[in-house]
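Engineer: First the structure, which I've put down as structure tokens, then a few questions once you've had a look.
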Amino acid sequence: MVNPSVGLPQTRVELADVIRQFAPEYTAMYGQQMMPSQKKALSDIAACCTRELGGRLYHCDDCHETYWRYHCCRNRACPKCHASQTQEWLSKRRAELLPCHYFHAVVTVPKELRAAFRRNQKLFYGLLMRVSAAAIQDLCAHKRLLGALPGILAVLHTWNGRLGYHPHVHLLITGGGITADGEHWEPARGEFLVPVDLLSRKIAAQFCAAVKAEAAAVFETISKTVWQRKWVSYCKHYGRGNDAVLSYLSRYVFRTAITTARILAMDQTHVTFRWKDRKAGAWSTERVPGVEFLGRFLQHVLPRGFHKVRYYGLWHPSRRKQADRAWLLLILAAPADTAQPPRRVSLCDALSQLTEWSDQLLDVGADHEPALPCCPHCGSCRTRLLGEYPRLGGP
């Protein structure tokens, strides 16, 4: 059979297009079960970068064309806002990064617990992040492993490639930390940080205990056999310095459940998207009814007010002074050969470089002016703002 679409230009399908077409049917079927954050995600994404949110009219001084730049919705589930949110967040994090080695850990929830997670999202997501970070800190505190307090950034994800429900936490961990006396930076031992089997068992036990202590009624609804299931986690050396860290952060922090590039086609009833089969190491394609597609997507919209990015250890807001000390110690400890790990150094010696460090920190944390919007017709940035179009219906 000849495919009439072969050879014809294909129009890119965005998530907003899918929502506009299938959201009325979806809300009619499941509206009573939807969280407020899910309803808001549908309305925000559908209106993103459209006249409904207002915008600015620009004139290009090179090609003399005028063009609109409509405002983004800035909803954290919107793939169209993903890039701008990432860059804005990264620019604020640069001054906090420590010039050391880093590790990447992932903690995955057993499938037998997923139903309980779905029913108690805000509680269980928060416990998962807190317990995972606490387990890593507990292990790192042992002198035979690290004997110090590392910095930890935790990011919650709830999906797999097919948009299935798969709660897990990504953790970025500094390859070293401040000793208990606050006087030394203790580097990790090569490319090893903590034993993952022990980490998995510790997280499983602490999560069970936390649920029992903080939500006894919820704990009683979960079968005892579920708590006996094995948790899976891994931890690997990721790299050294800002480039490695920024690569990690841009990859995980503001990632959405699906990107526009993965949505291949849409017709009157179905949506076709692609997903990466990790086991096969290849891309696969799946075609599902539009309402089912929205259902898969919306299960990854987090409850209102939940923070999917959290800081622990040295990066916790209450430990800013210790993080500053770590920065000082690492500046002095950095060897000429950056392939070698930093040596152990005392705070007393590091304080002698306070002036130099302060200058560097100011340079790293300097704000930069945002780039001017480029003309979509000729690519020029010699543009002028002509006026603003208000949001429909007011602020």
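Engineer: How much length would be gained if the chain were fully extended between Thr221 and Ser318, taking 0.36 nm per residue of separation minus their Cα-Cα distance, in nm to one decimal? Mind dumping the intermediate values first?
Structural biologist: On the way: separation 97, 0.36 × 97 = 34.92 nm, distance 3.58 nm.
Value of the extension gain: 31.3 nm.
Engineer: Okay, next question. Note the full-extension length gain between Asn242 and Leu90 as 0.36 nm times their separation in residues minus their Cα-Cα distance, in nm to one decimal.
Structural biologist: Working: separation 152, 0.36 × 152 = 54.72 nm, distance 1.09 nm.
The span from Asn242 to Leu90 would gain 53.6 nm if fully extended.
Engineer: Another question about this same structure. Could you let me know the centre-to-centre spacing of segment 217-271 and segment 27-82, using Cα atoms, in angstrom?
Structural biologist: Each part's Cα centre sits 25 Å from the other's.
Engineer: What order do you get for 197-209, 97-109 when each peptide is scored by the mean count of other beta carbon atoms within 10 Å, highest first?
Structural biologist: On the way: 197-209: 17.8, 97-109: 21.9.
Descending packing order for the listed peptides: 97-109, 197-209.
Engineer: With 19 Å as the limit, write out which pairs from Lys202/Lys308; Lys111/Lys224; Lys202/Lys230; Lys236/Lys321; Lys111/Lys230; Lys40/Lys122 have Cα-Cα distances beyond it, or answer none.
Structural biologist: Beyond 19 Å between Cα atoms: Lys202/Lys308; Lys236/Lys321.
Engineer: To continue, here is another question. With a Förster radius of 25 Å, plug the Cβ-Cβ distance of His64 and Ser43 into 1/(1 + (r/R0)^6) and report the FRET value to the nearest 0.05.
Structural biologist: Numbers: r = 37 Å, r/R0 = 1.46.
In this case the efficiency is close to 0.10.
Read-outs throughout are calculated quantities, based only on the coordinates presented, and are distinct from any laboratory measurement. None of these values were measured; they are calculated from a predicted model. Neighbour counts are summed over all protein chains in view; Cβ atoms, including those assigned to glycine, are modelled from backbone coordinates with ideal geometry.
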